[in-house]
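Reviewing the structure listed below.
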Amino acid sequence: MGELRRDPVANRWVIIDPERPDREAGLKVEAQPPPPLSGPCPLCPGNEAMTPPEIAAFGEPSRQPNQAGWWVRVTPDLQPLCRIEGDFDRRPEGPFDVMNAIGAHEIVIESPEHHLTWAELPEQQLERVLRIYKLRSLDLRMDERFRSLIVVKNHADAASILSHPHSHVLALPFVPFGLEEELRGCREFYARKDRCAFCDIILHERVSRVRRVVETDHFVVLAPFASRFPFETWLLPLRHASDFARIGDRELIDLAGLLKRMMQMIGKVLGNQACTIVLHTTPFDESHTHDYHWHLEILPKTAPVVGFGWGARLFVNPVPPEEAAALMGQAM
Ligand SMILES: [Zn+2]
Ligand SMILES: [Zn+2]
Ligand SMILES: [Zn+2]
C-alpha cells in the first residue's frame, strides 16, 4: 500500500506508492528527437541581429553590444509572455480582475556554443550564467511595478524550439502560485516555531541522511520527503538566505560546480539529462527575509506517471525519495 506524505512547506499531500504498475516510466527519461532545424539559430554568435537588442552581456573587453565576442548574453525573449512597456490598466470584468500582461521576459543565452548542456559547459561559464541571474534580479527589482522574479531552465530539452542553451528570467507584477504557496507555508511555520521551515528540513535531512543526495561547502541537495515527481530534487544553501541575489562569490563558484555534477549525474541515473530547473527566491519586498529560504527545484522529465496529477493537483509518485536519493548519491 502507498503512503500519504505531507510537505511541511507547501502543506500538500502526496501519494508515494512504489507498487504502481506505471513505476517503470518514472525510472527513466525517454530521449526525444530534436525538431528539424529551420534556418540559422538566432542565438548563435554572428546572428545577434536576429534577437531584440541585448540588455546585458559578459564578453571580451573590446566587444561592442550586439556583436559577437560575448560569453553570456541577455535579450528580451523572442516571443515574450509579457511586455515591459505600458501600463497595467487594471480593470474589473464583473467579478473578475484583469490587467495587461506587463512584466519582463528575458532570455539568458548561456554560451556561444550551440550544442552544450550544463553537464558539458566549463564551470567558469556556468558561473557567469549564475552571476548574470544575480545581476538581472538586482536590476529588475528597481522597477517598482515588479514583485517577484523566477528563473526557469529547460535543460537538455531536445523538443525545445530553440536548442541553443538558454534560460528564462521573468520579473512579474504578482507572485506566481507555486511560490506563493511556499511563502504562505513558510510564514505559518515561522509564526508557530520561530524558525525557518527549510532550515529545519535541512537540519533533519543532514542528520538522517536517507534523502540527502550530496553536500558541498555551501549547499545541500535533497530528495524532498513529499516528492511530487520521481527524482525531484531541491538544492538549498546551507546558510539561511532568502534572496538568491545576495549570493557571494565563493557560493557562486561552488554552485556552478555542483550544478554541472548534478546534470552529469541525472544523465547517468536516468539515461537522459532532460529536466526543468526553477529558481525560487523571495519576492522583491523584504517581508520574507527570516521565514523564506531560496532554493533550486530540479524536476527530471520522466514520463508522466498518472493522468490526474495536474488536473486534480493530486500527485502520485511511484519512486520513493529515499530510493531516488540513494541512486543519485551513488552516481555523484
Ligand atoms: Zn545556436
Ligand atoms: Zn532557512
Ligand atoms: Zn520551491
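Please treat every number below as a calculation from the coordinates, not as lab data. These figures come from a predicted structure and were not determined experimentally. FYI the Cβ positions are ideal-geometry reconstructions off the backbone, even for glycines, and counts take in every protein chain you see.
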Length-normalised contact order of region 202-332 in % [C-alpha pairs under 8 Å, at least 6 apart]: 35 percent
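What does the charge count around residue 65 come to, taking other residues whose C-beta lies under 9 Å from its C-beta (Lys +1, Arg +1, Asp -1, Glu -1)?
Neighbourhood net charge equals -1.
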State the Cα centre-to-centre distance between region 28-104 and region 224-266 in whole Å. 25 Å
Farthest towards the positive end of the dipole of the chain, among 213, 126, 70 and with Cβ unit charges of +1 on Lys and Arg and -1 on Asp and Glu, lies the Cα of 213
Whichever lysines have a C-alpha closer than 22 Å to that of residue 153, once near sequence neighbours (fewer than 8 apart) are set aside: 28, 134, 260, 268, 301
If you restrict to DSSP beta bridges whose two residues both lie in the chain, what percentage is antiparallel, to the nearest 5? 90 percent
Based on DSSP H runs of at least 4 residues, each adding -39500 (n - 2.57), what is the mean residue ellipticity at 222 nm of the chain after dividing by all its residues, to the nearest 500 deg cm²/dmol? -8000 deg cm²/dmol
Kirkwood Rh in Å, taken over all unlike Cα pairs in region 205-252: 11.8 Å
Seen from all sides and averaged, what is the projected area of the convex hull of the Cα atoms in region 6-96, in nm²? 13.7 nm²
Region 116-146 versus region 162-220: alpha-carbon centroid distance in Å: 18 Å
Which three semi-axes in whole Å describe the equivalent ellipsoid of the chain, each the square root of 5 times a Cα gyration tensor eigenvalue, listed largest first? 31, 25, 21
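Which peptide among 260-266, 122-128, 234-240 comes first, and what is the full order, when sorted by highest mean count of other Cβ atoms within 10 Å?
Details: 260-266: 21.4, 122-128: 17.6, 234-240: 19.1.
Ranked by mean Cβ neighbours within 10 Å, highest first: 260-266, 234-240, 122-128.
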Within a Cβ distance under 15 Å of residue 204, other residues only, what is the Lys/Arg minus Asp/Glu net charge? +3
I need the calculated FRET efficiency for the pair residue 13 and residue 239, taking r as the beta carbon distance and R₀ as 51 Å, to the nearest 0.05. 0.95
Could you tell me what fraction of 2.2 N^0.38 Å the Cα radius of gyration of region 187-291 comes to, as a two-decimal ratio? 1.13
